[in-house]
Amino acid sequence: MVKSLRYVAFVGSLVFGVMGTAVWVNQAAIAQAYKEIDVKDGGVIVGIVKFDGDVPTAKILKVDKDEQTCGHENKLSEELVVNGESKGIKNVVVSLVDIASGKKADTTTVALDQKECLFSPHVVAVSSGTSVDLLNSDNVMHNLHSWSIKNAGFNEGVSGGGKLTKKFDLPEVVKITCDVHKWMSSFVVVKGNPYFAVTDESGRFRIENVPAGSYKIEAWQEKLGKKTGDVSVKPKEETTVDFVYTKK
Ligand SMILES: [Cu+2]
C-alpha cells in the first residue's frame, strides 16, 4: 500500500514536471515567435479608445504617510482617466496580437519614476527584452514590488535619488506597487512584438510601419479589461480602429 502510494506520488511529480516543462517551452516559443524583417510600404493604424457613459470621477487616494514629501492633500487615482471633451481613455495599451513578422523592436531603456509619491507615467508599454530604469525622484524611501508571474519578480527598497534597473524578458502585464505608500501603483506592459501604443490624454493612439495584412488588435485597460477587434492594413494607408468601453 505504502509502496503504491509512493509510486502514485512519483508518477504525479513526473507528470507535473513534464507539464511544467511543456508550459515553459510554450512560453519561450511565443516569446521567440516574432520575426524582425524590413517592412516596405507599411501602413498606419490610428484610433481612439472611448468611454461610453458619464465621465467617472476619479477615486481619491488617501495620503497618510510622508506628507512632507508626498503632500498634505489626497491624490487622484489614475486607474481610469477619461477626457472630459473627447471621452477618450488615457493609458490604454493598444496592440496587435497575432503579427508574426514586422519592424524591429525598440528595446531602448525606458524610465519609470516615483515622483511626489506617484508613479510617472502610470502605464508604460515595452517590447520584451527592454530594461526599465525605476527611479526615485523623491527624498523619501520608496519600494518597488513587482507582481509578475513570468518575469523574475522583485521587491526592493529604493532610496531618494536612487535607481533600480530591471529587465522584462517575457510578455505579460506586470503591476508594480510601492509597499511604503499603499496608494502608489503602476503597470509595465511587456509585449512580444513592437506593434503597440499607449493612448494619450485624449485617448488616441498611433501604430506605425505595419506590414499590409489582417490582424487581431487588442485594447487593455487596467480597470475595464480587454477588448479585441480586427484590422485590415493596406500599404502606405492609414486605417482607423476605435474601441468603446462601457461602464462596468
Ligand atoms: Cu513609495
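Every number in this text was worked out from the coordinates using simple rules, so none of it is lab data. Only a predicted model underlies this, so the values are computations on that prediction, with no experimental measurement involved. Using ideal geometry, Cβ is built from the backbone for each residue, glycine included, and neighbour counts are taken over all protein chains shown.
Sequence-ordered 3J(HN,Hα) estimates for segment 195-208 from the Karplus curve with 6.51, -1.76 and 1.60 and θ = phi - 60° stand at 8, 8, 7, 10, 5, 8, 3, 9, x, 8, 9, 8, 10, 10 Hz, glycine and proline given as x.
Averaging the Cα positions of each part gives two centres, and for segment 54-81 and segment 173-248 these lie 24 Å apart. Our helix-only sum for the chain, with -39,500 (n - 2.57) per DSSP H run of n ≥ 4 divided by its residues, gives a mean residue ellipticity at 222 nm of -5000 deg cm²/dmol. When the square roots of the Cα gyration tensor eigenvalues are ordered a ≥ b ≥ c, the ratio a/c for segment 56-175 is 1.5 or more and a/b does not exceed b/c, which makes its shape oblate. Averaged over residues, the count of other Cβ atoms within 10 Å places the peptides 170-176, 101-107 in the sequence 170-176, 101-107, highest first. Over segment 36-246, calculate the relative contact order: mean separation of alpha carbon pairs under 8 Å at least 6 apart, over the residue count, as a percent. Rounded, it is 32 percent for segment 36-246. Extension gain for the segment S86 to A100, taken as residue separation times 0.36 nm less the Cα-Cα distance, is 1.7 nm to one decimal. Once both labels are positioned 7 Å from their Cα atoms along Cα-to-Cβ, the gap between I149 and S232 label points is 3.5 nm.
The phi-based Karplus calculation (6.51 cos²θ - 1.76 cosθ + 1.60; θ = phi - 60°) puts the 3J(HN,Hα) values of segment 225-240 at x, 9, 9, 10, x, 10, 9, 10, 9, 9, x, 6, 10, 9, 10, 9 Hz, whole numbers, x for Gly and Pro. Over the chain, all Cα pairs binned in 10 Å intervals from 0 give whole-percent P(r) values of 7, 26, 29, 22, 11, 4, 1, 0, listed from short to long. For the chain, the share of DSSP beta bridges that are antiparallel, to the nearest 5, is 70%. In this rough spin-label picture, where each label sits 7 Å from Cα along the Cβ direction, the V244-D133 distance is 4.3 nm.
Please order H142, H181, H72, H122 by the number of other Cβ within 10 Å, starting at the fewest.
Placing the least packed residue first, the sequence is H72, H122, H181, H142.
For the chain, taking a cut-off of 4.7 Å between Cβ atoms, the unpaired cysteines are C178. For each pair in K163/K227; K40/K166; K104/K175; K75/K216, compute the distance between the two Cα atoms and list the pairs where it is over 30 Å. Check vs 30 Å cut-off fails for K163/K227; K40/K166; K75/K216.
Within segment 42-94, the GluC sites (Glu not before Pro) that combine a DSSP coil assignment with at most 13 other C-beta atoms in a 10 angstrom radius are E73, E85. For segment 161-173, the Karplus equation 6.51 cos²θ - 1.76 cosθ + 1.60, evaluated at θ = phi - 60°, returns couplings of x, x, 7, 10, 10, 10, 9, 10, 9, 10, x, 4, 9 Hz by residue, with Gly and Pro reported as x.
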